[in-house]
Amino acid sequence: MKKKRTTPTEKEERFIEAYLVNLNGAEAARKAGYTGKSPHCIARDILIKRHIKKIIKERLEENARKTRITAKSVLLETARISFFDPITIFDESGNMKPIRQIEEGARRVISSIEIKRDGKQRDGSPSDLVTKIKFCDKNRALDLLTRHLGLLVDRTKMEISGPGGASVDIAPEAMLLLADRVKKKAENDLKKESDRDDQ
């Protein structure tokens with residue numbers, strides 16, 4: 001009986017390293033130098049090996065410990081982006097607050113700030129400074145959040161069995177009600193997290 005490997009080959013190690021960058025199996029297979037079958041098939045064959053799964057799991061956990069990234073922290077940050085209200089970064093007059101006066105949660109939703117002069121005035125003097133703010137992609141964050149919570153499901157693949165194995169359809173109103181409950185829970189979690197940050 002052939003003994004099962006417990007350590008990766010050199011090529012498998014290259015695959016693991018590439019896979020840990022963005023968790024794309026096909027891309028990792030190409031970067032590791034695999035040829036022949038399609039990269040997707042190669043990746044699938046490698047990723048089902050018990051010793052490879054174990055190594056990847058251990059390294060992902062180690063990376064999470066080092067960076068202090070947890071599923072909860074990622075979920076909270078995604079919820080923060082999803083439900084962010086831009087009014088919080090402006091004062092009563094509609095002017096943007098100085099960056100240090102914007103609360104941390106709001107600052108973390110800003111992906112870039114560009115400050116520049118927008119041309120010249122008629123007399124040749126520099127024009128006023130123009131501030132351009134770009135926020136993290138709210139639609140992308142909502143997409144990730146709804147997928148994580150199982151709210152965004154391909155209806156052609158969704159099947160819920162009722163009595164006797166009969167198919168049951170979910171009314172759109174029920175999905176909207178569930179989405180509203182999830183939003184309220186996420187907002188409460190964000191408020192609690194923000195209150196802890198302020199202490």
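Some values worked out for this structure:
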| item | result |
| --- | --- |
| Condition check for residue 32: touching a Phe, Trp or Tyr at 6+ places or on another chain (Cβ under 6 Å) and free of Cβ contacts under 8 Å to residues at least 60 places away in the same chain | yes |
| Failed criterion for residue 113 (all others in (1) of a type in the set (Val, Ile, Thr); (2) in contact with a strand residue (DSSP E or B) (Cβ under 6 Å, 6 or more places away or on another chain); (3) more than 23 Å from residue 88 (Cβ to Cβ) hold) | (3) |
| Residues of the stretch 35-92 classified as farther than 30 Å from residue 185 by Cβ and outside the structural domain of residue 20 (by TED's automatic domain parsing), total | 2 |
| When residues of the stretch 103-117 are limited to those that are among the aliphatic types (A, V, I, L, M) and surrounded by 10 or more Cβ atoms within 10 Å (Cβ to Cβ), the one farthest from residue 183 (Cα to Cα) | 113 |
| Close pairs from the stretch 1-17: first over 14 Å from residue 59 (Cα atoms), partner at pLDDT 75 or above and part of a loop (DSSP other than H, G, I, E, B), Cβ under 6 Å, at least 6 apart | none |
| Out of 120, 184, 132, 157, sole residue that is of a type outside the set (Gly, Ala, Ser), at pLDDT 75 or above, loosely packed, with under 12 Cβ neighbours inside 10 Å and over 19 Å from residue 80 (Cβ atoms) | 132 |
| Test: residue in the stretch 50-57 that is modelled with pLDDT of 90 or more and either of a type in the set (Asp, Glu) or not in a helix (DSSP H, G or I) (or both) | no |
| Boolean, residue 100 is in a loop (DSSP other than H, G, I, E, B) and either of a type in the set (A, V, I, L, M) or exposed (fewer than 10 other Cβ atoms within 10 Å of the Cβ) (or both) | no |
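The values are calculated or read from the model by the stated rules, or taken from the named source; none is laboratory data. None of the values given here were measured: they were computed from a predicted structure. FYI the Cβ positions are ideal-geometry reconstructions off the backbone, even for glycines, and counts take in every protein chain you see.
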